[in-house]
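A short worksheet on the structure shown next.
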Amino acid sequence: MSKPASVAAAVQSSAAVPVAKSDKASRYIQLMLLVLAAGAIYPILYLRQVYQTTMLDVFQISHSELGYLYSMLGTIFLISYLPSGWLADRIAPRFLIFFSLVATGALGLWYSTVPSMTGLMIIFGCWGLTTGLTFWASVLKRVKMIAQHSEQGRFFGILDGGRGLVEALLATVALGIFAYAIGTGGQTAAEGFRHVVYLYSFICIGLGFLLVLVKDPKSVSAENAENEEKHHLLSDLATLIKIPELWLVTAIVFCGYHIFWATYSFSDYLQGSGMTAVMAGTITTIKLWMRPVGGIGGGWLGDKYSNISVLIVALALASLAMVGLVLFPALNNLGLLVVTVIFIGLMTYAIRGLYWAILDTCNIPLRITGLAIGIVSVVGYLPDTFIPLINGYLTEQFPGALGYKLYFSYIAFIGLIGTLTALALRARVKRKTFNAHGA
């Protein structure tokens, strides 16, 4: 029992170094910059959650072809996550973030020209590298380093909720531009969509040049330099593989990410239920506004009560609401369906705000935190590779409501498994804490 306690002490002592060198205001400023970066870079990849029907028309592709693009994106993510953690342990975050933002924006400018399917595959493949390989783990590791032990839920909640606020603001502006273009402006949907892509692309590029001017905290550079000679990939992997809690966290991320993926189809589902493109876009944009509420609120509740317990409740409620999404259309009550969509968004963002905070229960040495994030991401975000294919197959083979009912039923089942896994993690952590105190 002494080994976990000694590991925990080592983690706390190593984490205390960067915290001591940075006051509270400085840490929150750093967090806000990371929120801006994370909030700006991902929306252009996932415009389908608001404009899926428009995208199918503009690019002249089918549901299955759209699924292929996102499956390929997910595959690149999968390949990138582990080396992303390796990079995050060695290269200054600001340079990785700068490259990611500028490259993602530049690819967006190409995307706006409505390229062929081959061009789309190249763009989505490169987006997988610019947002997976060079961006993901560096941001998560930096947040973990600047947050104190008692702030993990809050900081990760602010990261996800804050980036959600940025995404919601951008989505609201983008939807306004799109609606104006195809309404008052008298332009085609393709022209309106191009304006939306321009907005996201130029913001990414501008933020990249802004953030590269902000130096990383000295603690990050010092920690990287201090541990330069201590990295041994195979032994570090062996250390992480032997931590059972890490694999439970991985399973929770895997299940929680399924629920998040379901939200990408809400716009198309609502349009199939009789809504116009602008109305469905409005509802899904309102759902995006639930992200700061769910992410920050969930993180705050997690720090106040228990990150794992709040996560369990959110997973259970999201899974039940997904069942409601399958059953409620039979009631012919569009209002109830809209409320359910928004509620799932709220619970989903609470889940995303918390499942990285529970990494703190694993007692992982700070110097290999990036690698741990890479491992969790490889398995946890595996749904990126196959959910688009499942979604594309079901909606093509079972057109209309039936395909989506089957899809959402599958998501609900996986959400239930995630709830049970989170319960198992909580039981294990409580048992270890009790044994440690007893020893």
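The values are calculated or read from the model by the stated rules, or taken from the named source; none is laboratory data. The structure displayed is predicted, hence computed values, not measured ones. Note that each Cβ is placed from the backbone with ideal geometry, even for glycine, and that neighbours are counted across all protein chains shown.
Please list, ordered by first then second residue, the pairs with beta carbon atoms under 6 Å, 6 or more apart or interchain, first in the stretch 292-316 and within 17 Å of ARG163 (Cβ to Cβ) and modelled with pLDDT under 85, second acidic (Asp, Glu) and assigned to a helix (DSSP H, G or I).
As it stands, the answer is GLY295/ASP160, since those pairs meet every condition given.
Looking only at the stretch 22-71, filter to residues that are part of a helix (DSSP H, G or I) and of a type in the set (Val, Ile, Thr); which one of those is nearest to THR285 (Cα to Cα)?
Of all residues in the stretch 22-71, those part of a helix (DSSP H, G or I) come to 24-41, 43-46, 48-59, 63-71.
Now restrict to residues that are of a type in the set (Val, Ile, Thr): 29, 35, 41, 44, 50, 53-54, 58.
Numbers: ILE29: 27, VAL35: 19, ILE41: 17, ILE44: 14, VAL50: 7, THR53: 15, THR54: 15, VAL58: 21 Å.
Out of the qualifying residues, it is VAL50.
If PHE77 satisfies all but one of (1) among the hydrophobic types (A, V, I, L, M, F, W, C); (2) more than 21 Å from THR118 (Cβ to Cβ); (3) modelled with pLDDT under 85, what's the number of the condition it fails?
Failing condition for PHE77: (2).
For every residue, the table says whether it meets (1) crowded, with 21+ Cβ neighbours inside 10 Å; (2) farther than 26 Å from LEU31 by Cα; (3) hydrophobic (A, V, I, L, M, F, W, C); (4) free of Cβ contacts under 8 Å to residues at least 60 places away in the same chain.
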site: LEU109; (1), (2), (3), (4): no, yes, yes, no
site: PRO115; (1), (2), (3), (4): no, yes, no, yes
site: THR118; (1), (2), (3), (4): no, yes, no, yes
site: MET121; (1), (2), (3), (4): no, yes, yes, yes
site: TRP127; (1), (2), (3), (4): yes, no, yes, no
site: SER138; (1), (2), (3), (4): yes, no, no, no
site: LYS144; (1), (2), (3), (4): yes, no, no, no
site: ALA147; (1), (2), (3), (4): yes, no, yes, no
site: GLY161; (1), (2), (3), (4): yes, no, no, no
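Looking at the stretch 346-356 only, could you name the residues that are under 13 Å from the mean Cα position of the chain (by Cα) and part of a helix (DSSP H, G or I)? Show your work before the answer.
Within the stretch 346-356, the first condition is being under 13 Å from the mean Cα position of the chain (by Cα), and the residues that meet it are 348-356.
Answer for the stretch 346-356, where residues must be under 13 Å from the mean Cα position of the chain (by Cα) and part of a helix (DSSP H, G or I): THR348, TYR349, ALA350, ILE351, ARG352, GLY353, LEU354.
Among the residues of the stretch 202-224, is any of a type in the set (Lys, Arg), in a helix (DSSP H, G or I), at pLDDT below 80 and farther than 30 Å from THR340 by Cα? Walk me through it before giving the result.
The initial filter retains those residues of the stretch 202-224 that are of a type in the set (Lys, Arg), namely 215, 218.
In the following step, the residues that additionally are in a helix (DSSP H, G or I) were identified as 218.
Imposing the further condition that a residue be at pLDDT below 80 reduces the set to 218.
Filter once more, so that each one left must be farther than 30 Å from THR340 by Cα: 218.
Checking the stretch 202-224: at least one residue is of a type in the set (Lys, Arg), in a helix (DSSP H, G or I), at pLDDT below 80 and farther than 30 Å from THR340 by Cα.
Matching residues to (1) of a type outside the set (Ser, Thr, Tyr); (2) under 22 Å from GLY256 (Cβ atoms); (3) at pLDDT 85 or above; (4) surrounded by 15 or more Cβ atoms within 10 Å (Cβ to Cβ):
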| position | (1), (2), (3), (4) |
| --- | --- |
| GLY370 | yes, yes, no, yes |
| VAL378 | yes, yes, no, yes |
| ILE390 | yes, yes, yes, yes |
| TYR393 | no, no, yes, yes |
| ILE411 | yes, yes, yes, yes |
| LEU423 | yes, yes, yes, yes |
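Of the numbered conditions (1) buried (at least 19 other Cβ atoms within 10 Å of the Cβ); (2) free of Cβ contacts under 8 Å to residues at least 40 places away in the same chain, LEU382 satisfies every one except a single condition; which is it?
The single condition LEU382 does not satisfy is (2).
For the stretch 378-398, does any single residue satisfy the condition of being closer than 26 Å to SER80 by Cβ, of a type in the set (D, E, K, R) and more than 15 Å from the chain's Cα centre (by Cα)?
In the first step, residues of the stretch 378-398 are kept if they are closer than 26 Å to SER80 by Cβ; the result is 378-393.
Among the residues that remain, those that are also of a type in the set (D, E, K, R) are: 384.
From what's left, more than 15 Å from the chain's Cα centre (by Cα): none.
No: zero hits.
Among the listed residues LEU336, LEU327, identify the single one that is of a type outside the set (Asp, Glu), out of contact with any helix residue (DSSP H, G or I) (no Cβ under 8 Å at 6 or more places or on another chain), surrounded by fewer than 19 Cβ atoms within 10 Å (Cβ to Cβ) and free of Cβ contacts under 8 Å to residues at least 24 places away in the same chain.
On the way: LEU336 fails: out of contact with any helix residue (DSSP H, G or I) (no Cβ under 8 Å at 6 or more places or on another chain).
Just a single option satisfies the conditions, and that option is LEU327.
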